[in-house]
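Since the structure comes first, as structure tokens, the remarks are kept for the end.
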Amino acid sequence: QVQLVESGGGLVQAGGSLRLSCVASGRTGSAFGMGWFRQAPGKEREFVAAITWNGATIDYADSVKGRFVISRENAKNTMYLQMSSLKPEDTAVYYCARQLIVGGRSRGHFDSWGQGTQVTVSS
């Protein structure tokens, strides 16, 4: 079993930047993809980005493409989400998860969810 813990959230002004981290523990010996989702108040949890074990395949939601960058350091069992040019509509709780199917974007394609980290973008 894999446990994931997110960190790095906070309050930032529109146009600012934040970097989120997701640290994996437990059964991290096998290769697996990872991804980020977010959930705003009153809205469904939505896909943000995903990356395969070796970083060869990266996928972004259209809403964040060109502003967010996903990366990982396998030696540290850590995945990152560098967020730039943040907008108020990026405000949400951000979750990381293990990807079960390469290219998958729905919640059913992921498991081992972290507890989430709050990102708030003020206008």
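The values are calculated or read from the model by the stated rules, or taken from the named source; none is laboratory data. Treat the numbers as computed from the prediction; the structure is a model and nothing was measured. Every residue, glycine as well, gets a Cβ built from its backbone with ideal geometry; the counts of neighbours run over all protein chains shown. For accessibility, only protein heavy atoms count, side chains too; no ligands or nucleic acids. Shrake-Rupley method; radii C 1.70, N 1.55, O 1.52, S 1.80 Å.
Per-structure values
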| item | result |
| --- | --- |
| Every pair of residues 6+ apart whose Cβ atoms lie under 9 Å, when the first sits in the range 15-44 and is over 15 Å from Phe68 (Cα atoms) and of a type in the set (Ser, Thr, Tyr) while the second is open to solvent by 30 Å² or more (accessible area, probe 1.4 Å) and outside any loop (DSSP other than H, G, I, E, B) | Ser25/Gln3; Ser25/Val5; Thr28/Asn74 |
| Test: Val5 is of a type in the set (Val, Ile, Thr), in a strand (DSSP E or B), open to solvent by 40 Å² or more (accessible area, probe 1.4 Å) and in contact with a strand residue (DSSP E or B) (Cβ under 7 Å, 6 or more places away or on another chain) | yes |
| Residue under evaluation Leu11, criteria (1) assigned to a loop (DSSP other than H, G, I, E, B); (2) aliphatic (A, V, I, L, M); (3) touching a strand residue (DSSP E or B) at 6+ places or on another chain (Cβ under 9 Å); (4) open to solvent by 20 Å² or more (accessible area, probe 1.4 Å), criterion not met | (1) |
| Top-ranked residue in the range 32-56 [being outside any strand (DSSP E or B) and open to solvent by 70 Å² or more (accessible area, probe 1.4 Å); ranked as nearest to Arg98 (Cα to Cα)] | Trp53 |
| Leading residue by the ranking (surrounded by the fewest Cβ atoms within 10 Å (Cβ to Cβ)) among those in the range 80-123 that are of a type in the set (A, V, I, L, M) and more than 17 Å from Gly33 (Cβ to Cβ) | Val93 |
